[in-house]
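Worksheet: the structure to be examined is printed underneath.
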Amino acid sequence: MKILVVGGGGREHAIVMKLAESSKVDALYCAPGNGGIAKFATCYPVKATDIDGVIALAKELAVDLVFVAPDDPLVAGMVDALQAEGFQTFGPKKNAAIIEGSKVFSKELMQKYRIPTAEYQVFDDPIKAIAYLKSQNTYPTVIKADGLALGKGVILAQNFDEAVDGIHSIMEDRIFGESGAKVVIEEFLTGPEVSVLCFTDGKTIKPMVSSMDHKRALDGDQGQNTGGMGTVAPNPYYTPEIAQMCMDQIFLPTIRAMEKEGRSFHGCLYFGLMLTPKGPKVIEYNCRFGDPETQVVLPLLETDLVDIILATENETLDQLSIQWKSDCAVCVVMASGGYPKKYATGLTISGLDENGQLDGCLVYHAGTKSNGDVILTAGGRVLGVTATAKTLQEALKKAYAGVEQIQFENVHYRKDIGQKALKVFS
């Protein structure tokens, strides 16, 4: 098979490297890709959001499958457009990708089908939103932009003033563009967070290994929210009992709800969960593989990813047994100093081999570009250094040993990835 992967971050690098393991794959292409992906796939400078450009490239390369990885093109309907041109795809159609594309839609879906989530209200008028905040007077409170916002469209307000500032920023200043035309204000939930990615063909749903993300920029969960500074898998809070509860109360009901709504979901559905004292609840859905969750989940996958992709598209997932390693995995994100605010790019990265890798670790490139034989920084999150081992402690040791071998100017990474998980395991 000839496969084109759409996207250019660490998630896509993990997908490309996993696809490269398959005996069924003859050629791999990526649009736009990055400096690390270019070592495993031929990259083309077509933006991930350029639907016409991706279709033209798929035709030119005569590919057998297009794997659409990021949220923006999925929500914009890239899968629909590719299928209309006769291409086999991986990823949900536009009417199913709305489960991530609109927080309002997903909350209303959960309310309608009684899927456990936080209590909420929707507003399209900032004055009414502020009046509601005043009447509730309960903090912390969560304010979410309705649409896509690069994983950063959530404000956790600690008091009334912060909440009002959040409403002004999202709805009036439009810091997230048109995604802020509506907001969801919801109750603050407490408990351990869990990320669970699931393969689904619209009828059958098969969860992957659970993971724990670290969203804050600084150690001790301090600093600004980011796209994710590191992950560990499996998540020790996600016990077999909780997994069964999630399957019965959340995963299957969500897939069935989407089917009933005429929005059958094919691809990878991400569940962001909070394990509250009242049981697991949905914080958010994503219509695709998470980043950096993918970087710890896919290294543990033993079954051929191509077989799973074909089963999700052919609706034969119920006939496939998906196997996972019993190891632990850790990903430490190496970011540019200043991320998630201002940061420099074009800095030389040293310590990697000719494939952009590292002995003993998998190095997933998130924000890099090639300049001849040299790899340069080209984004906020630059690399994800992933290690697997029999125990979490061993995986952490290997990942951080790998991080110490890589250098670029003003590098920033958290030193405490996995420490909360380690306490639970011990």
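The range 7-55 and the range 370-392 have Cα centres lying 16 Å from one another.
Expressed as a whole percent, the accessible area of the range 167-228 that falls on carbon and sulfur atoms is 48 (1.4 Å probe). For every other residue with a beta carbon closer than 10 angstrom to the beta carbon of C328, add +1 if it is Lys or Arg and -1 if Asp or Glu, then tell me the sum. Taking every Cβ under 10 Å from that of C328, the sum is 0. Label zone (E259, point 7 Å along Cα-to-C-beta; backbone nitrogen cut-off 15 Å) within the range 315-339: 315-319. Probe radius 1.4 Å, ligands and nucleic acids ignored: give me the carbon and sulfur share of the accessible area of the range 241-335 as a rounded percent. C and S atoms contribute 44 percent here.
Per residue, the chain exposes an accessible area of 41 Å² to a 1.4 Å probe, with every protein chain left in place. Based on Cα contacts under 8 Å between residues 6+ apart, the chain shows a relative contact order of 17 percent.
Counted by Cβ distance under 12 Å from S211, the other residues give a net charge of -4, where Lys and Arg count +1 and Asp and Glu count -1. When the Cα centres of the range 106-135 and the range 238-281 are compared, how far apart do they sit, in Å? If we compute the Cα centre of each part, the gap is 20 Å.
Only Cα pairs under 8 Å and 6+ residues apart enter the sum, and on that basis the relative contact order of the range 1-60 stands at 33 percent. As a calculated quantity, the FRET efficiency between S321 and L218 at R0 = 30 Å, using C-beta atoms, amounts to about 0.10. Starting from the Cα gyration tensor of the chain, take the square roots of the eigenvalues, sort them a ≥ b ≥ c, and report rounded, prolate or oblate (rounded when a/c is under 1.5, otherwise prolate if a/b is larger than b/c, else oblate). Verdict is rounded for the chain.
Can you check what the net charge comes to around I37, using other residues whose Cβ is under 13 Å from the Cβ of I37 (Lys, Arg +1; Asp, Glu -1)? Value of the local net charge: +3.
Approximating the spin labels as points 7 Å out from Cα along Cα→Cβ, the K2-to-E21 distance works out to 2.6 nm.
Checked against a 20 Å cut-off, the cross-linked pairs K152/K182; K39/K369; K144/K278; K47/K369; K390/K420; K112/K206 give Cα-Cα distances beyond that limit for K144/K278; K112/K206.
Taking all Cα pairs closer than 8 Å and separated by 6 or more residues, the relative contact order of the range 1-160 comes to 16 percent.
Compared with the direct C-alpha span, the chain from Q136 to T190 gains 17.6 nm at full extension, assuming 0.36 nm per residue.
Computed from phi, the 3J(HN,Hα) profile of the range 310-326 under the Karplus parametrisation 6.51, -1.76, 1.60 (θ = phi - 60°) reads 5, 5, 5, 7, 8, 6, 10, 4, 5, 8, 10, 9, 9, 9, 10, 5, 8 Hz, with x in place of Gly and Pro. The E302 and N159 beta-carbon pair, evaluated with R₀ = 30 Å, returns a calculated FRET efficiency of approximately 0.05.
Here's the picture: a label point sits 7 Å out from the Cα of T239 along the beta-carbon direction, and within the range 281-298 the residues with their amide nitrogen under 18 Å of it are 281.
The values are calculated or read from the model by the stated rules, or taken from the named source; none is laboratory data. Since we're looking at a predicted model, the values are computed, not measured. Using ideal geometry, Cβ is built from the backbone for each residue, glycine included, and neighbour counts are taken over all protein chains shown. Side chains included, ligands, DNA and RNA excluded: accessible areas come from the protein's heavy atoms. Shrake-Rupley method; radii C 1.70, N 1.55, O 1.52, S 1.80 Å.
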